[in-house]
Each structure stands twice: as structure tokens, then as C-alpha cells.
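*Asks:* Take this structure, written in C-alpha cells, and hold onto it; I'll ask about it next.
Each reported figure results from applying straightforward, stated rules to the coordinates on display, with no laboratory input. The shown structure was predicted, so the numbers you read here are calculated from the model rather than taken from an experiment. Here the Cβ positions follow ideal geometry from the backbone for every residue, glycine too, while neighbour counts run over all protein chains shown.
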Amino acid sequence: MTKIKPVGPIPDGYTSLDGELSVGGIKASQIVDQHGSPVFVYSRSLLDQRMAELKQAMPEQLDIHYAMKANPFAPLLKHMVSAADGIDIASGGELVMALAAGARHISFAGPGKRDEELRAAIEAGVTINLESPTECDRALRIGSECGVAPVLAIRVNPDFDLKGSGMKMGGGAKQFGMDIELVAGEMEKILKAGAKWRGFHIFAGSQALKADAIIETQIQTLELAGRLAEEAGAAPEHVNLGGGFGIPYFPGDEPLDITKIGAALGERLSNLPDILKNTRFAIELGRYLVGEAGVYLTRVIDRKVSRGETFLVTDGGLHHQLAASGNFGTVVKRNYPAAIASKFDDKPEETVSIVGCLCTPLDRLSDNAEMPRAEVGDIVAIFCAGAYGATASPANFLGQGPAAEILVG
Ligand SMILES: *Cc1c(COP(=O)(O)O)cnc(C)c1O
């Protein structure tokens, strides 16, 4: 007997129609018939619901930015441009996409910005989150070359990290941001050069599910911003407090308590030190805004048994869903939420491993999961596919090419 491995929790908001999974009121089989398989389906109403709940929970004076690297699919991006207060980009390519989607409030973080990327951002009036003193020098030089005062913020490498986060991006030696002791000098340089001083960007980590860890980080971030502003004697117009809001992917993961976070942050924002009294604050979120609003559908093209283990072989795989295969920053392979979409109401009957069509043993979408009996032609759904799916997977591997993507009602 193979040992059953549970799958992660299916996100709220997915319902069935005639026994099948439906997204935006359309049945999985209809979606696949019309758009082909595999396909990423993103739900506008789930995106809206998520944003509405978040705005309800967060203090009113807080802006919510969308970090578009989570999902840059043009129709979804356009939707997020109108739903969010700003768009955070991390490359010149994303700048082009954000401008095409009509974004107006854009900020640009990320190490290794090329001169051309800095120039395009400066000319577009985008806030640049400076990652190093030399990048600061380049931005000032390029600004004077093209006769535009650049809008500059300093990304700070904080002296703390987000506890329990999946990916740590602050604390210790990091390629992101400037070490605290460099900040005052760089601020002075920016102010002297006549650039527009925007403020700070402090991002301490990603994918945290514990409200208390996020609250503690936000408190530390506010204290740090206040301290740095005092040191340099200049009030920041804007402080980006980072993000780190996680979503449940695996068995046992619990959704984040955003009401608790919002209440704690609201209290802090109404008791700020004088130097931050006129500062505007933002958080930047990727997966939390879009991750659960997307599902990946892939058809079963073979069913086989090997030494007692049943395999459902699909026409999809890790070239579209690298993270679900356990090969994107995870140590132990655990199962993402998954289901047989074409038999969504059926009870589990057997233990199967769902694999992709790539010629590598890494290409496993779900190990030894309990599922209704699926045959060739049935459709598998892998949930939490709205973030870091299509965009963060090696679509060209084995000549497979990208999956279709659609945004539905
Ligand atoms: C990747 C990234 C984000 C988004 O992270 P999520 O975990 O998707 O919310 C936000 N800010 C910065 C600076 C990032 O690099």
C-alpha cells in the first residue's frame, strides 16, 4: 500500500456546476474545449472579493500595491491596475507592461537595474527604489543627462526579518536594499542633487501565514523608518512597508488573519512619531492578491500502474506549475490543493500520483493523493495557480511552450 499524502486546502469560492468545477460560472470541460489544455483560468470575481476583504480589514490611510511579478498576464494586470493603488515592478520589461495596462502609480525595485531600465523609469516619472549607492549615482547621472529630476526612494536592508516567512529578503547580508548605516549619507546625496526624495522601501520577506509575525515586522519597519528619517532630518513623503502576506498552499496551512493585522496597523498609524505624521504608507502584495484566484486545468492523457502506484499522466506539468512540483524554493515536496475538476463532486476512491508530460522524474504535480477515479479525458485542477505559475515556470522546457491563460467573470 502506498501512503496517502493529503493535498492542500482548496481555496474558498470554487463551486461545482453539473458535478464539475466551475470558474466564473463556466464548467472546466467547457473552458478546456474552448481554450485547449492546459490552461490557467483567473477569476475576476475572486480577485475583486479578495481586494474588497483586504480593504475592509486594512486601515483606510494605507495604500495597497500590486507586485506584478506574481502575475503579469495583461488582462489580469489591467484589472489589478484599476483595483490597486499602485503597481510595483521589478524590471524594464514589467515597466513596459505596466504602462501598457495604464498604470500611473508605479515603483521599481530590484537589484541589477540596467542604465536603459533606469532611463525609461526616470522618463516615465516612476519611483525608483534604490538598491545600492552606485545605483543611486547612476540614477542621478541619468536624470541629469535626460533633464528629468528622478523620483528616488531608498530600499533599506532591514536589521530584522519576517519570522516564519517562506522567502527571507531582509536581515544579514542581502543583495536587496542598502544596509542601514549607508542610508543617511545616500539621502543627503539625493537631496543635494535636487532629485525628488520619495522615502523608504522596506521589505522583509514573503509568504508568512502568522498574523503576529507580520504585525511584529510592521512595527519594526515603522520604527526603522522613523529612526532613519530622524537621523537624516528629512521626513519621507512615502514609506512602503513591504508585504509578506501568505496564502495556504499545503495541508495544515491556515489562512492569514488580516483583521488582526489591520487592527494592529491601524493603531500604529494613528500613533506615529512626528516625523512620520504626514507620510503616506503602502503595502505591496503579490500572491495574496492573485494566487487563490487562479486554477490550472490539465487533461489526463494516460492512466497507468507501475509497481502498485497509479499514475494519471497529464498534458501539463512543471513547465507551467514549477512551484506545485516542489521545485521553486521548497525543501520538502508537499501537495498543492488539487482535484479532478471534471468529477468535482465525486468522493475520493483511489490513491493516485498526478504527473506531467515532461521526461523528468521531477515532473510530479501531486503525490499519492486521494481522488475520485479519473480516466483518460478527465480534467485535473491544481489550485493556487494565480501567482508564480505561468510566469515563474520554464515554459520552453522540452519544447512544450506556454499554457493558455484566460480571465473569466
Ligand atoms: C516578490 C516581491 C513581492 C511580492 O511577494 P509576494 O510573496 O508575492 O507577495 C513584493 N515586494 C517585493 C520587493 C518583491 O520582491
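*Asks:* Rounded if a/c is under 1.5, else prolate if a/b beats b/c, else oblate: with a ≥ b ≥ c from the C-alpha gyration tensor eigenvalues square-rooted, which is the range 94-179?
*Replies:* oblate
*Asks:* Another question about this same structure. Neighbour counts of other C-beta atoms within 10 Å: give me Cys146, Cys357, Cys384 arranged from fewest to most.
*Replies:* Working: Cys146 12, Cys357 18, Cys384 28.
Listed from fewest to most nearby Cβ atoms, that is Cys146, Cys357, Cys384.
*Asks:* Using the Kyte-Doolittle scale, find the helices of the chain whose mean hydropathy is at least 0.0 and whose Cα atoms extend 27 Å or more along the helix's long axis, counting only whole DSSP H runs.
*Replies:* Passing helices, by number: 211-232.
*Asks:* Based on the Cα coordinates of the range 216-347, what is the per residue volume of their convex hull in Å³?
*Replies:* Dividing the Cα hull volume of the range 216-347 by its residue count gives 171 Å³.
*Asks:* In whole Å and largest first, what semi-axes does the C-alpha gyration tensor of the chain yield when each eigenvalue is scaled by 5 and square-rooted?
*Replies:* With the √(5λ) rule applied to the chain, the semi-axes are 42, 22, 19 Å.
*Asks:* Shifting gears a bit: Sequence neighbours fewer than 8 away in the same chain don't count; with that in mind, list the lysines whose C-alpha is under 22 Å from Lys347.
*Replies:* Lys347 reaches Lys3, Lys5, Lys27, Lys304.
*Asks:* Right, next: Would you calculate the separation in nanometres between label points at Ile180 and Leu398, each defined as 7 Å from the Cα along the Cα-to-beta-carbon direction?
*Replies:* 4.9 nm
*Asks:* Under the rule a/c < 1.5 gives rounded, and otherwise a/b versus b/c splits prolate from oblate, where does the range 358-409 land using the Cα gyration tensor? Walk me through the numbers on the way to the answer.
*Replies:* On the way: a/c = 1.71, a/b = 1.17, b/c = 1.46.
Cα axes put the range 358-409 in the oblate bin.
*Asks:* Counting Lys +1, Arg +1, Asp -1, Glu -1, what net charge surrounds Ala387 among other residues with beta carbon under 12 Å of its beta carbon? If you can, show how the numbers build up before the last one.
*Replies:* Values: positive: Arg50, Lys69, Arg287; negative: Glu292.
Here the count lands on +2.
*Asks:* Show me 125-137, 316-328, 299-311 ranked by packing, highest mean number of other Cβ atoms within 10 Å first.
*Replies:* Ranking, from highest mean packing down: 316-328, 125-137, 299-311.
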